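The values are calculated or read from the model by the stated rules, or taken from the named source; none is laboratory data. Because the structure is a prediction, the values reported are computed rather than measured. When we count neighbours, we look across all protein chains shown, and the Cβ atoms used for this are built from the backbone with ideal geometry, even at glycine. Areas reflect the complete protein model, heavy atoms only, side chains present, ligands, DNA and RNA absent. Shrake-Rupley method; radii C 1.70, N 1.55, O 1.52, S 1.80 Å.
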Amino acid sequence: MSLAETARSVRENAYAPYSGFKVGAALLAADGTVFGGCNVENVAYPEGTCAEAGAIAAMVAAGQTRFQAAYVVADSPLPVTPCGGCRQKLAEFAAAKDVPVTMATLAGEETTLTIAQLLPGAFDAAQMETPGA
Ligand code: THU
């Protein structure tokens, strides 16, 4: 399945009884495998997880730690954009800063931005290399 097909398909399994907002995400791993994830909410609201986090967990559990493209879809009036936390999570596993993240509506509208555009000035491992620390 393509990234879009995977994201749309896994979205149908989203557990979103509190927001009613189902989201599907898919990642194209460096080895060409596609992984999907959906949002999983909880009655203790902050314990819910986003679709992007689910897709990342599936990819890492399968032994892949880099993705070359991402796709996120929801039944929203405008293409759904990853939340701030998910932008940081995606940046951790993106193969490069110019990896495209396509955001989509169920109706078919799409917008694509790179990881760097979604999270400019991202905190990354290079900033932890503090000489003399
Ligand atoms: N949500 C995602 O899963 N991904 C996004 O990119 C935006 C928001 C989820 C979190 C929550 O379950 C619901 O959408 C409403 O915020």
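For the stretch 9-50, the set of residues classified as within 20 Å of G63 (Cα to Cα), small (G, A, S) and open to solvent by 50 Å² or more (accessible area, probe 1.4 Å) consists of A30 only. Pairs linking a residue in the stretch 47-63 that is farther than 15 Å from A14 by Cβ to a residue that is open to solvent by 30 Å² or more (accessible area, probe 1.4 Å) and within 13 Å of the ligand (Cβ to nearest atom), with Cβ atoms under 7 Å and 6 or more positions apart or on different chains, are I56/K89.
Could you list, in sequence order, the residues of the stretch 17-48 that are more than 23 Å from T112 (Cα to Cα) and among the β-branched types (V, I, T)? Outline the logic, then answer.
Taking the stretch 17-48 as the starting set, the residues that turn out to be more than 23 Å from T112 (Cα to Cα) are 17-20, 40-48.
Hits for the stretch 17-48 are V40, V43.
Every condition in (1) surrounded by 14 or more Cβ atoms within 10 Å (Cβ to Cβ); (2) assigned to a loop (DSSP other than H, G, I, E, B); (3) of a type in the set (S, T, Y) is met by T6 except one, and the failing one is (2). Here the strands (runs of 3 or more DSSP E) wholly within the stretch 9-122 that include at least 1 residues being within 12 Å of the ligand (Cβ to nearest atom) are 23-29, 34-38, 67-74, 100-105.
Residue pairs whose Cβ atoms lie under 8 Å apart, sitting 6 or more positions apart in sequence or on different chains, and linking a residue in the stretch 67-87 that is under 12 Å from L118 (Cα atoms) and open to solvent by 60 Å² or more (accessible area, probe 1.4 Å) to a partner that is at pLDDT 95 or above and assigned to a loop (DSSP other than H, G, I, E, B), are C83/C50. Contact annotation: residue pairs with Cβ atoms under 6 Å, 6 or more positions apart or on different chains, pairing a residue in the stretch 13-25 that is farther than 18 Å from T81 by Cβ with a partner that is near the ligand (Cβ under 8 Å from one of its atoms) and part of a loop (DSSP other than H, G, I, E, B), are Y15/E41; Y18/E41. Among the residues of the stretch 51-86, those identified as closer than 17 Å to A4 by Cα and not aliphatic (A, V, I, L, M) are E52, G54, F67, Q68, Y71, D75, S76, P79, T81, P82.
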